[in-house]
Amino acid sequence: MNFKRLSLVAVQAIGLGLMPGAALAAITDTTTFTGTVPGTCTYASGATQSIAMSYSAADSGTFTGTTANIGINCNFATKVTLGAVTPKGSNPKATTNTAKLKKGSSVLATSGEGASSQVDLGNNAGVTQNVTIELTSTGASTVGAYEYTVVLTTLSS
């Protein structure tokens, strides 16, 4: 009989051929899928209101006015800020102005010459939360038309 010598490498190759799983590395592919639900808010009452203010002679002339309900509906718990009270155009006399963001009888935020800080609205996702803005302007003693702008901002985070 003619026997040939098998080298050690040949023996290993024969062994791996009999057990193919041992020769292959176990590999995996891990894929991560991500998505984001966009935060959305709407104002049920629309984005603008014009409010006629009442006038009294108190405190050298005082204007007061309160918006109708501003319905805020967000799909997340949100924060809000109340912008500075800004004279729109040129009022006949400089006045001292205070705006209050109210939820029912509770004051959430107050602004004047500067904006309020961020405050929690205290809303639940998907539920409309009603707020109002109350403006008081004192020192309006000169005859003429006075007009002010206050911006309510609903923050996304």
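Aspartates and glutamates within cross-link reach of Lys103: Cα-Cα under 14 Å, excluding same-chain residues under 8 positions apart?
Qualifying aspartates and glutamates at Cα under 14 Å: Asp120, Glu134.
Once you have the Cα-Cα distance between Thr32 and Ser106, take 0.36 nm times their residue separation minus that, and quote the gain in nm to one decimal. Don't jump to the answer; show the numbers that get you there.
Details: separation 74, 0.36 × 74 = 26.64 nm, distance 4.56 nm.
22.1 nm is the gain from fully extending Thr32 to Ser106.
Using a simple spin-label model with points 7 Å from Cα along the Cα→Cβ vector, what separation in nm is obtained for Thr153 and Thr132?
2.6 nm
How many percent of all Cα-Cα pairs in the range 23-82 sit more than 14 Å apart?
Working: 1348 of 1770 pairs.
Distances greater than 14 Å cover 76 percent of the Cα pairs.
Given charges of +1 on the Cβ of Lys and Arg and -1 on the Cβ of Asp and Glu, with all other atoms neutral, how large is the dipole of the range 85-138 about its Cα centre, in debye to the nearest 20?
Charge dipole, the range 85-138, about its Cα centre: 140 debye, nearest 20.
Go through the range 76-91 residue by residue and turn each phi into a ³J(HN,Hα) via Karplus (6.51, -1.76, 1.60, θ = phi - 60°); whole Hz please, and just put x for glycine and proline.
Coupling constants for the range 76-91: 7, 6, 10, 10, 9, 9, 10, x, 4, 6, 10, x, 8, x, 10, 6 Hz.
Pulled fully out, how much extra length does the chain show between Ser45 and Lys93, if you take 0.36 nm times their separation in residues and subtract their Cα-Cα distance?
Working: separation 48, 0.36 × 48 = 17.28 nm, distance 3.17 nm.
Net length gain for the segment: 14.1 nm.
Would you mind calculating the gained length between Ala145 and Asp59 on full extension (0.36 nm times residue separation, minus the Cα-Cα distance), in nm to one decimal? Walk me through the intermediate numbers first.
Numbers: separation 86, 0.36 × 86 = 30.96 nm, distance 1.76 nm.
Contour length minus the Cα-Cα distance gives 29.2 nm.
Every number here is computed from the coordinates shown, using simple stated rules; none is lab data. Being a predicted model, the structure only gives us computed values, none of them experimental. Positions of Cβ are generated from backbone atoms using ideal geometry, with glycine treated the same way; all protein chains shown enter the neighbour counts.
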